[in-house]
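Structure record follows, encoded as structure tokens.
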Amino acid sequence: NSTQNINNLVIMLSASKYSVGVPTMGHQEQSPPPTHRPHRIKKIGVPLFLLMSFVVALSESQSGFLRKLCSLDVYFVHEDEPYGTWAEVYKSSSIDYMARDLTTEVIPSHNINFVVTMLECPELDVHGMKEDSPPNEMFYDMVSMLKFALCQECIDMNINGIQYTTTIQALIPSDAIECMGPNGEPFDRVKIMEELKIGVKIIGSPVGKDSISSECLRADVDNDVGVKDLIKLRAFNMTGHEAVVMVDYTTFVMQDLESTIETFINSNSKVGYAEDYTPHGITPTNSKNGVNTGFLMIKPDEQEFDNIVNMYKTTPYDCAGGSGWANSGVGGFPGAMGTSGILKHYYDQKPASEKTILGKCQYNNNAVYHLDGNGACRDGTTSCENCMATYESEIVIAKLTDEVCGKPFDCPDKGLPDGHMCNKIHKKWFEKRVIYEDTHFKGGRRSSRTGNFRKETTLGFCEGPGRTGYKKIVPDAASGPLPIPEPAAQTEQGCTTVCNAGEYLTQDCTCTSDECDACPEGTRCQRKGNGIPPMCIDCECGFCDYAGNSCCDFNGVNNCKSATNKKECLLQNGYYPGWPGAGNACSGVEISATATPNGCGCQPSESTPCTYTPSTDPNDKCFIVTAHEILTNSIGYVDACKQCLDGCNKCVDGAGQGDVNDMMKCLGKTIGKKSTCRSDCASVCKH
């Protein structure tokens with residue numbers, strides 16, 4: 001009955017008035033015969049699917065392959081009874097996907113299509129790791145989190161005053177429809193993606209091995225990535241979409257994508273991408289690093305597609321000498337014989353106006369060190385950025401690979417310090433998982449958050465190191481935990497519990513040793529230490545822009561995220577005298593309050609739950625002194641801030657500073673080198 005219920009659920013979700021329709025087979029090129037066919041996403045108190053209600057709805061008749069990126073209904077509507085493991089729920093089905101009816105693909109106007117390729121089942125990967133795919137038991141978690149992170153950061157794609165639609169689809173060869181699950185039985189990957197409302201297109205490579213003119217390429221391509229990797233090139237032929245964005249399993253979207261995509265659409269560029277650093281063990285040059293296909297923006301063009309495919313088929317390739325494509329030097333690194341390598345060779349020959357080269361550390365950050373063992377830049381340049389030192393607020397795309405950090409679901413134990421970039425990236429992934437589950441689940445069993453392994457980073461989703469310690473989104477055990485209960489209602493008299501010394505009373509009248517667990521929703525947690533008391537401070541309080549609007553908003557897990565792109569909210573622009581640095585003021589910035597700001601938070605204690613009534617007074621909310629106040633005001637707290645900063649540079653007296661931009665320049669550049677001097681003034685540069 002459980003399996004039948006799920007089958008009915010898939011049909012129900014697919015037929016929902018919000019869905020585009022059941023993905024069916026349109027024009028396709030057959031994959032090679034399969035080698036085997038087994039037996040057969042203001043404060044996040046409001047569910048995200050309600051916040052998405054303004055997204056332009058696509059009609060049922062529009063597309064067989066495309067699905068809206070942000071669905072209006074919940075992703076999961078499970079019953080309260082256990083179903084067993086997800087691999088049992090999605091076990092091999094009787095559906096013959098290759099025989100489904102053909103439909104015409106109708107593309108919405110002003111559309112951006114996100115495309116993920118799923119090229120291999122791990123057990124079929126006989127030539128080494130062709131695709132950085134998750135192990136089968138993690139397929140469900142990685143695919144659902146990939147879609148949610150994309151949706152969360154593309155929720156309002158308004159470009160040039162036009163509301164764009166966003167869609168998502170997967171490209172799969174026929175021998176990757178079913179894979180072996182962790183229980184030793186085949187499971188249906190298409191069925192999982194259709195329930196997650198990802199359109200599926202089963203299609204083969206645009207290049208057959210017998211059409212490759214280079215003898216060594218034809219002989220060795222399977223020892224690299226195989227011709228199936230060229231399925232990615234299909235994105236160049238998806239005409240009708242204004243842009244296609246290629247992603248993969250390793251792609252983790254950390255910041256809003258709207259401005260990145262808008263800049264690309266408004267440019268003359270045909271593609272936008274970041275390149276990889278040269279792998280360790282290879283002498284770094286500018287030709288030994290391929291195009292990162294984990295975030296590749298494309299303006300589809302049939303002629304461009306034909307040109308790239310023809311270049312792949314006809315260009316000589318040097319295998320023995322390592323000089324690669326047409327002796328250009330592009331070769332000899334993993335992926336050089338596939339999409340990454342051919343795109344590198346193709347666009348190296350194009351003028352700068354036809355391509356947008358994105359920063360590695362902003363759009364391809366996997367926390368790698370930028371220098372090789374000899375101190376040379378690992379991209380052949382003379383100056384390169386250390387991705388481990390990039391401000392978290394500046395990372396748009398992180399890459400979840402094993403090279404340095406490991407993957408979040410592996411609960412890695414690498415002994416890295418708390419502030420290491422890997423821990424920041426992983427914590428962000430787990431924070432998004434919390435929001436995802438809290439806003440997209442209704443009923444059903446899901447994992448508890450009680451794991452204590454590196455809890456500051458993993459947020460309770462890891463019981464111990466390694467993959468076996470990870471708590472999956474859908475628990476493996478049929479008797480897995482029931483849905484996480486709502487906090488217990490307090491009595492009219494309030495909590496009667498008094499916690500032990502060093503513990504804090506939570507909203508549901510339980511005790512915790514973690515002060516952040518006692519903070520109410522919507523606040524940033526200030527931990528106790530160095531004379532600073534624990535504090536829960538409203539994310540909307542503190543840093544405000546010139547108009548008095550908050551720079552920050554709540555991200556759902558006791559932390560704050562950017563609420564605006566205003567330049568004042570970027571620390572490097574000097575709008576906040578006591579806070580030097582770079583990146584948005586919301587992320588990783590300690591306010592270090594010693595007293596609770598008016599209407600802006602509360603202090604955890606052992607006897608009273610931390611509660612507060614949010615202030616609506618901008619004078620309370622905007623309690624961080626700004627460059628505008630330094631220039632125009634002469635009241636107590638501003639004078640104290642001025643006097644402190646005067647020891648850094650006399651320009652803060654206002655002499656020669658005609659407007660707030662001049663004062664920001666003074667603070668941001670003239671005394672930018674005196675960051676310690678400025679930060680020492682933070683305690684007095686508050687109201």
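Side notes on the structure shown:
- For ASN366, residues with placed amide H under 5 Å, excluding near neighbours: LYS399
- Within straight-line reach of LYS686, meaning a Cα separation under 17 Å, sit the following lysines at least 8 residues removed in sequence or on another chain: LYS621, LYS642.
- Relative to one another, the C-alpha centroids of the range 364-398 and the range 187-231 are positioned 30 Å apart.
- Cα→Cβ-extended label distance, 7 Å offset, between ASN649 and ASP418, nm: 3.2 nm
- Sorted into 10 angstrom bins from 0, the C-alpha pair distances of the range 290-348 split as 23, 55, 20, 1 percent.
- Taken over the range 328-420, the alpha-carbon convex hull comes to 152 cubic angstrom per residue.
- Distant-in-sequence amide H partners of ARG524 (H built 1.01 Å from N, under 5 Å): ILE537, ASP538, CYS539
- Spherically averaged projected area in nm², based on the convex hull that wraps the Cα atoms of the range 374-434: 5.3 nm²
- Coupling constants for the range 294-307 follow from the phi torsions by the Karplus curve (6.51 cos²θ - 1.76 cosθ + 1.60, θ = phi - 60°), and in residue order they are x, 8, 10, 8, 9, 9, x, 7, 4, 5, 4, 4, 4, 5 Hz; glycine and proline get x.
- Accessible area per residue, Å², the range 589-653 with all protein chains present, probe 1.4 Å: 47 Å²
- Reach of LYS528 by Cα under 18 Å, taken over lysines that are not fewer than 8 positions away in the same chain: LYS455
- Computed from the Cβ-Cβ distance with R0 of 56 Å, the FRET efficiency linking LYS350 to SER605 stands at 0.35.
- Summing +1 for each Lys or Arg and -1 for each Asp or Glu among the other residues whose beta-carbon sits under 9 angstrom from that of THR239 gives -2.
- Under the Karplus curve 6.51 cos²θ - 1.76 cosθ + 1.60, θ = phi - 60°, whole-Hz ³J(HN,Hα) for the range 415-424, x wherever Gly or Pro sits: x, 7, x, 4, x, 5, 4, 4, 5, 5
- Filter on LYS191/LYS313; LYS270/LYS360; LYS288/LYS561; LYS360/LYS665 - keep pairs with C-alpha separation over 30 Å: LYS191/LYS313; LYS288/LYS561
The values are calculated or read from the model by the stated rules, or taken from the named source; none is laboratory data. All values reported here derive from a predicted model rather than from experimental measurement. In this analysis, Cβ positions are derived from the backbone assuming ideal geometry, glycine residues included, and neighbour counts consider all displayed protein chains. Areas reflect the complete protein model, heavy atoms only, side chains present, ligands, DNA and RNA absent. Shrake-Rupley method; radii C 1.70, N 1.55, O 1.52, S 1.80 Å.
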